[in-house]
Amino acid sequence: MAEAPLLDIEEEVRSLQLDSADCASEINGLINPEDARPEEVEKVDEMEKDSDDKVTVSSQEVQAELPKVKDKEVPAPEDVEAVVEMEQYNKKRHLNVVFIGHVDAGKSTTGGQILFLSGQVDDRTIQKYEKEAKDKSRESCDVNSILAAGLENSFYLEKLVTIVYYMNLVYSFADTNGWYMAYIMDTNEEERVKGKTVEVGRAHFETETTRFTILDAPGHKSYVPNMISGASQADIGVLVISARKGEFETGYERGGQTREHVQLAKTLGVSKLLVVVNKMDEPTVNWSKERYDEIESKMIPFLKASGYNVKKDVQFLPISGLMGTNMKTRLDKAVCPWWNGPCLFEALDSIEVPPRDPNGPLRMPIIDKFKDMGTVVMGKVESGSVMEGDTLLVMPNKTQVKVLSVFCDENKVRRAGPGENVRVKLSGIDDEDILSGFVLSSVARPIFAVTEFDAQLQILELLDNAIFTAGYKAVLHIHSVVEECEIVQLLQQIDPKTRKPMKKKVLFVKNGAIVLCRVQVNNLICVEKFSDFPQLGRFTLRTEGKTVAVGKVTELPSGSNF
C-alpha cells in the first residue's frame with residue numbers, strides 16, 4: 001500500500017517532464033518525431049546535424065533581412081503591401097472624366113451605372129438606394145408633380161394623368177428606376193429630394209489600363225458655376241444626350257444646357273468628347289437608328305462651330321444608362337442590329353490624351369480645404385509633381401509650407417504627378433488663410449499673382465441691349481477662381497477671317513466678335529499665360545447666370561511673381 005503513492009508521484013513527474021519537453025519543442029519550432037510526417041522527421045534530423053549557431057538566428061540577422069527606411073520606422077508587413085499596391089496603382093494612367101449635358105439627360109444615372117458595373121457598388125447598396133428612392137417618391141413621375149405645376153384645365157390635366165399612369169406602368173413593368181442609380185453619384189440630401197445634381201459628384205473606377213475619376217457635373221442652369229468647377233478639372237468629357245422625344249430638342253435649343261456645356265467644356269480644356277445618346281431603350285425611341293442619326297446630324301455642325309475636330313476628338317455611341325446597355329459589354333445584335341461600334345468602357349479606354357510633364361514647376365489650384373490633424377487642401381495637379389517633404393508656396397499670399405502627406409483618391413502615396421486629384425496635408429499655414437482659387441506652387445518658379453492682365457476674348461451672346469465696351473462688368477471663372485472683373489480697355493479687334501488685328505480703333509463690339517482687351521479684378525488672383533499653362537490661362541465671363549464670353553490670357557504684367 002505504501003508503494004502506490006510513490007508510483008503515482010513518479011508518473012506525475014514523468015508527465016510534467018513530457019509537457020515541458022513539448023512546450024520547449026514548440027518554442028524552438030521543433031516537431032515531435034512521433035507526431036510528425038516522414039518528411040518533417042527528415043527536416044528535424046537535418047536540423048539536429050547542424051550546429052547550434054546555425055539553428056539560432058540572431059536578432060541582428062532578422063533586422064538585416066527587413067527593409068530599411070531612412071530615419072523612419074520600418075513599415076509593418078501591411079504597409080509594405082500597401083506600398084507595393086501603390087506602385088501597381090501608379091503604373092496605370094489616370095484620367096478625369098466630366099459628365100456634362102442638359103438637366104435630366106441621365107448623367108448621374110449613367111455615372112452610377114458605371115460604378116455598379118465596375119464593381120464599386122454592391123447589390124445591397126443598390127437595394128438600399130432603390131428603397132430610399134421609392135420612399136422619396138423619386139421612383140417615377142407622379143400625379144402630384146403635375147398638380148404642383150398648377151395645371152388647372154381639367155381636360156389637359158386628365159390627359160396628362162393618363163399619360164403619367166401609362167408611363168409608370170411601363171417603368172414598373174421593366175423594373176427600372178433611374179433615380180436609385182443616380183443616388184450613387186448624388187450623395188447630397190438636397191440632390192436626392194429634388195432629383196437634380198447640385199454639387200460636382202466625384203467617384204473612382206478602374207479598367208485594365210486606366211484609373212478614372214468621374215466628375216458628375218450638374219445640368220441645371222442655376223448650377224453652371226459648379227459645372228465649370230468640375231469641367232476645369234477634367235481631361236475628357238462625356239456629353240450625355242437624351243434620345244427621348246422632346247428632351248434632346250429642349251437641351252439643344254438656344255438657351256439649353258447642352259449647347260452651353262459644350263462651349264464651356266471646350267473653353268475649359270476638355271479636348272476629347274464622347275457623345276453618348278442615352279435613353280435609347282425608351283419606348284418612344286426603342287433603339288431607332290433614325291432618331292440616333294437625327295441627333296448626330298444636328299450635333300456635328302454645332303460641335304464643329306464650338307471648336308471640336310469631330311473626326312479626331314469626338315465619338316458618338318448609343319447607350320441605356322438605366323439598364324447598363326452598351327456600357328461594359330457591346331450591344332447585342334438582337335437589341336440593336338445596326339450598331340457595330342464599341343461600348344462605353346472600350347471607348348473610354350481607347351481615348352488618347354497629350355502627355356503631361358511631371359518635372360515641370362508645380363501648379364495645383366486649390367478647390368477646397370479642411371482641417372484634419374492639420375491643414376488639408378484638395379485639387380488637381382496641373383503641372384509638375386508633389387511629394388512628401390516638399391517645401392512649396394501657397395500663392396498669392398506667398399506663404400511657405402511643407403508637405404506632410406499626399407493622398408490620391410483614398411490611398412496614401414509618396415508622390416503624385418500631373419493629372420492626379422489629390423489631398424495634400426500641409427504644415428506652416430492655417431486653413432483659414434486659404435481660399436478656393438489659391439494655388440500650391442513651386443518655390444523656384446512660383447505662379448503669377450496679378451490684379452490685371454491682357455486677354456483675347458470671343459463674345460458668345462450678350463444679354464439683351466448690352467454693349468461690350470470699356471467698363472463692362474462680369475464674373476470671371478478661371479481654374480478654381482471666381483472673381484468679379486471689369487473690362488478696363490479694348491485694345492484691338494481681331495478679324496475672324498484672317499485672325500489678325502484690325503487697324504481701326506475699337507470702341508465696342510457685338511456678338512461673335514474676337515477682341516483683345518485688358519481685364520481688371522479687385523483682389524490678387526493666380527493666373528498664367530495660355531501659351532505656358534493652358535489650364536491656368538483659359539477663362540469664361542458670365543453675367544446674370546449666362547456665359548457671355550470665353551477667353552485666354554495673352555499677357556501678364558512684368559514682375560508679377562513677387
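The values are calculated or read from the model by the stated rules, or taken from the named source; none is laboratory data. Please read all numbers here as calculations on a predicted model, not as lab measurements. Heads up, the Cβs are rebuilt from the backbone with ideal geometry, glycines too, and the neighbour counts pull from every protein chain shown. Note: areas computed on protein heavy atoms with side chains; ligands, DNA, RNA excluded. Shrake-Rupley method; radii C 1.70, N 1.55, O 1.52, S 1.80 Å.
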Quiz item: Within the set of pairs 6+ apart or on separate chains, which have a first residue in the range 283-298 that is in a loop (DSSP other than H, G, I, E, B), a second that is open to solvent by 20 Å² or more (accessible area, probe 1.4 Å) and of a type in the set (Asp, Glu), and C-beta atoms under 8 Å apart?
Solution: TRP287/ASP281
Quiz prompt | Among the residues listed as PRO365, PRO355, the single one being without any contact (Cβ under 8 Å) to a residue 60 or more places away in the chain and within 20 Å of the chain's Cα centre (by Cα) | solution = PRO355
Quiz item: Is it true that some residue in the range 315-337 is in contact with a helix residue (DSSP H, G or I) (Cβ under 6 Å, 6 or more places away or on another chain), crowded, with 21+ Cβ neighbours inside 10 Å and under 29 Å from GLY512 (Cα atoms)?
Solution: yes
Quiz prompt | Where a residue in the range 302-316 is in a helix (DSSP H, G or I) and its partner, wherever it lies, is modelled with pLDDT of 90 or more and open to solvent by 40 Å² or more (accessible area, probe 1.4 Å), with Cβ under 7 Å and at least six apart | solution = VAL310/ILE300; VAL310/LYS304; ASP313/LYS272
Quiz item: If GLN535 satisfies every condition in (1) part of a strand (DSSP E or B); (2) touching a residue at least 60 places away in the same chain (Cβ under 8 Å); (3) surrounded by 13 or more Cβ atoms within 10 Å (Cβ to Cβ) but one, which is the exception?
Solution: (1)
Self-check item: Candidates ASP216, ASP235, ASP186 - the one that is on the phi < 0 side of the Ramachandran plot and at pLDDT 85 or above
Solution: ASP235
Quiz item: Tell me, which residue of the range 373-394 that is more than 19 Å from the chain's Cα centre (by Cα) and among the hydrophobic types (A, V, I, L, M, F, W, C) is modelled with the lowest pLDDT?
Solution: MET373
Quiz item: How about the range 465-500: which of its residues are of a type in the set (Gly, Ala, Ser) and touching a Phe, Trp or Tyr at 6+ places or on another chain (Cβ under 9 Å)?
Solution: ALA466, ALA470, SER480
Exercise. Would you be able to say whether some residue in the range 442-461 is closer than 30 Å to GLU544 by Cα, surrounded by 21 or more Cβ atoms within 10 Å (Cβ to Cβ), out of contact with any Leu (no Cβ under 8 Å at 6 or more places or on another chain) and of a type in the set (Phe, Trp, Tyr)?
Key: no
Quiz item: If PHE407 satisfies every condition in (1) over 18 Å from ARG202 (Cβ atoms); (2) part of a strand (DSSP E or B) but one, which is the exception?
Solution: (1)
Practice problem: State all residues of the range 429-458 that are out of contact with any helix residue (DSSP H, G or I) (no Cβ under 9 Å at 6 or more places or on another chain), in a strand (DSSP E or B) and among the aliphatic types (A, V, I, L, M); if no residue qualifies, say none. | Solution: LEU440, ALA449, VAL450, ALA455, LEU457
Quiz item: Is it the case that the range 368-380 has a residue that's open to solvent by less than 10 Å² (accessible area, probe 1.4 Å), over 19 Å from ARG202 (Cα atoms) and touching a Lys or Arg at 6+ places or on another chain (Cβ under 6 Å)?
Solution: no
Quiz item: When residues of the range 467-517 are filtered for being part of a strand (DSSP E or B) and among the aromatic types (Phe, Trp, Tyr), how many remain?
Solution: 2
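A quick yes/no check of all residues on (1) over 30 Å from VAL481 (Cβ atoms); (2) open to solvent by less than 50 Å² (accessible area, probe 1.4 Å); (3) not basic (Lys, Arg):
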| residue | (1), (2), (3) |
| --- | --- |
| MET227 | no, yes, yes |
| GLN263 | no, no, yes |
| GLY269 | no, yes, yes |
| MET280 | yes, yes, yes |
| VAL285 | yes, yes, yes |
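Could you list, in sequence order, all residues of the range 228-253 that are closer than 12 Å to LYS380 by Cα and in a helix (DSSP H, G or I)?
SER229, GLY230, ALA231
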